[in-house]
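These notes concern the structure reproduced below.
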Amino acid sequence: MNEDASSAGEHEDAVRPDTMTLRLAPMAAIESAPVEVEFAASDADRAAIAERLGVEAVAAFSGRVRLARRGSDVLASGAVSARLVRLCSATLEPFEEVIEEAVDLRLAAELTEEDETSTEDVDALAPPFLAGDQLDVTEILIQQASLGMAPFPRAPTAALDAPMGDSEREAPLPEGRQRPFAGLQDMLKRRPSED
């Protein structure tokens, strides 16, 4: 069996109801030899991935995964690359975050107590990674990319320790955005006193 699944036709594309293309690798294809699957997101895929990751947009998203059997488990190794448009947690300005994340995942047929405390990245060989008798490579790539995302994204131009003056506090937000605690002051004023 050829290791390059895309040229051997050993994977399929399917479309989720949310219009994201799935790269599926049949479990039977992995039984005898490792299979390599590549994925490059289309415009519709990038829009669906942006919604899934909770980011403003996805400028690029691609990856490759090599799938191999180890007993009843599946080993997934490879890499995922993404360019995400995120909002800076300090300035609320959009900026591009580049993700280059290695894929090194073991999908266990049965999770053990040892797996729960392992330093190895282990997950269950079950949905959402398993779609019937096929592995969802797109899901593996999206989840691995999410691990590389900054929890509090900060634009490279955002000052790290600059104090915020009154004029910066009142700076206009991009259209359609509002401050996270915009109505809190008014709510507190209307709240009955506890005297």
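Nothing in this text is a laboratory measurement; each read-out follows from the coordinates by a stated rule. Please read all numbers here as calculations on a predicted model, not as lab measurements. Ideal geometry is used to build each Cβ from the backbone, glycine not excepted, and the neighbour counts take in all protein chains shown.
For a Förster distance of 30 Å, can you work out the FRET efficiency between the beta-carbons of residue 112 and residue 32, rounded to the nearest 0.05? It comes out at approximately 0.70.
In a shell of Cβ-Cβ distance under 14 Å around residue 89, excluding residue 89 itself, what net charge do Lys and Arg (+1) and Asp and Glu (-1) give? With Lys, Arg at +1 and Asp, Glu at -1, the neighbours total +1.
Under 13 Å from a label point set 7 Å out along the Cα-to-Cβ vector of residue 70, the amide N atoms of segment 86-122 belong to 104-109, 115, 118-122.
The GluC sites (Glu not before Pro) of segment 24-64 meeting both criteria, a DSSP state outside H, G, I, E and B (loop) and at most 15 other C-beta atoms within 10 angstrom of the site's C-beta, are 56. In this structure the amide hydrogen of residue 59, modeled in the peptide plane, comes within under 5 Å of the amide hydrogens of 83, 84, 85, none closer than 5 places in sequence on its chain.
Eigenvalues of the alpha-carbon gyration tensor of segment 23-163, scaled by 5 and square-rooted, set the equivalent ellipsoid semi-axes at 32, 17, 11 angstrom, largest first.
Cβ-Cβ distance of residue 185 and residue 150, R₀ of 45 Å, FRET efficiency by 1/(1 + (r/R0)^6): the value works out to about 0.95.
With 0.36 nm allotted per residue and the present C-alpha distance subtracted, the residue 87-residue 59 stretch has 8.7 nm of extension available.
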